[in-house]
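Asker: One structure is given below, represented as structure tokens, and several questions about it will come after.
The values are calculated or read from the model by the stated rules, or taken from the named source; none is laboratory data. Treat the numbers as computed from the prediction; the structure is a model and nothing was measured. Heads up, the Cβs are rebuilt from the backbone with ideal geometry, glycines too, and the neighbour counts pull from every protein chain shown.
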Amino acid sequence: MGLLTIYNRIQDELDQGISRVDIFNKYSAKSPVDTAKIAYALASIPYASLRKKYLKLNAFLFLFLLCLPFLTVLAEWPIDFSQSTLFIAIKTLVPFLLAYFVYQFQKKYLCKN
């Protein structure tokens, strides 16, 4: 059984309200070979209380990561295209990528509640 499959099944059962200990015991009894995978998948799912606790902080982080590339471009202004602009491009694209992951984390939580 793959890690993603285990993760999705555990996530579904957590959404149904089954405790983590019961889920671990159930899946490790079914497949003792995959006990390490089950423990890893179970530990990688954050508690709902922690997600709710840090929801505002994640929203602030998301907004900060969206504003950071614009501030970077303003700091580099005027851009001299006769020199390499690769570093400027990296400094502007990486925060957008990180903001995407923060958004996915928030969206996943907000859609379920």
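Asker: Which of the following residues is in the same structural domain as residue 24 (by TED's automatic domain parsing) and either of a type in the set (Gly, Ala, Ser) or assigned to a helix (DSSP H, G or I) (or both): 89, 75, 39, 59?
Answerer: 39 is the lone residue from the list that is in the same structural domain as residue 24 (by TED's automatic domain parsing) and either of a type in the set (Gly, Ala, Ser) or assigned to a helix (DSSP H, G or I) (or both).
Asker: Sticking with this one: So how many residues does region 61-78 have that are of a type in the set (A, V, I, L, M, F, W, C) and exposed (fewer than 10 other Cβ atoms within 10 Å of the Cβ)?
Answerer: The number of residues fulfilling the criteria is 3.
Asker: Might you check whether a residue that is part of a loop (DSSP other than H, G, I, E, B), closer than 27 Å to residue 107 by Cα, outside the structural domain of residue 107 (by TED's automatic domain parsing) and among the polar types (S, T, N, Q) occurs anywhere in region 16-35?
Answerer: yes
Asker: Within 23 Å of the chain's Cα centre (by Cα), closer than 24 Å to residue 6 by Cβ and at pLDDT 90 or above: is that true of residue 51 in this structure?
Answerer: When the stated conditions are applied, residue 51 does not pass them.
Asker: Restricting to region 1-48, and then to whatever is of a type in the set (Val, Ile, Thr) and exposed (fewer than 13 other Cβ atoms within 10 Å of the Cβ), can you tell me which residue is modelled with the highest pLDDT?
Answerer: Filtering region 1-48 for residues that are of a type in the set (Val, Ile, Thr) and exposed (fewer than 13 other Cβ atoms within 10 Å of the Cβ), the one modelled with the highest pLDDT comes out as 21.
Asker: If you scan region 67-102, which residues turn out to be free of Cβ contacts under 8 Å to residues at least 12 places away in the same chain and either touching a Ser or Thr at 6+ places or on another chain (Cβ under 7 Å) or among the basic types (Lys, Arg) (or both)? Steps first, answer last, please.
Answerer: Start the filter on region 67-102 by keeping residues that are free of Cβ contacts under 8 Å to residues at least 12 places away in the same chain, which leaves 67, 70-71, 74-75, 77-87, 89-90, 94, 97, 100-101.
Selection gives 79 alone.
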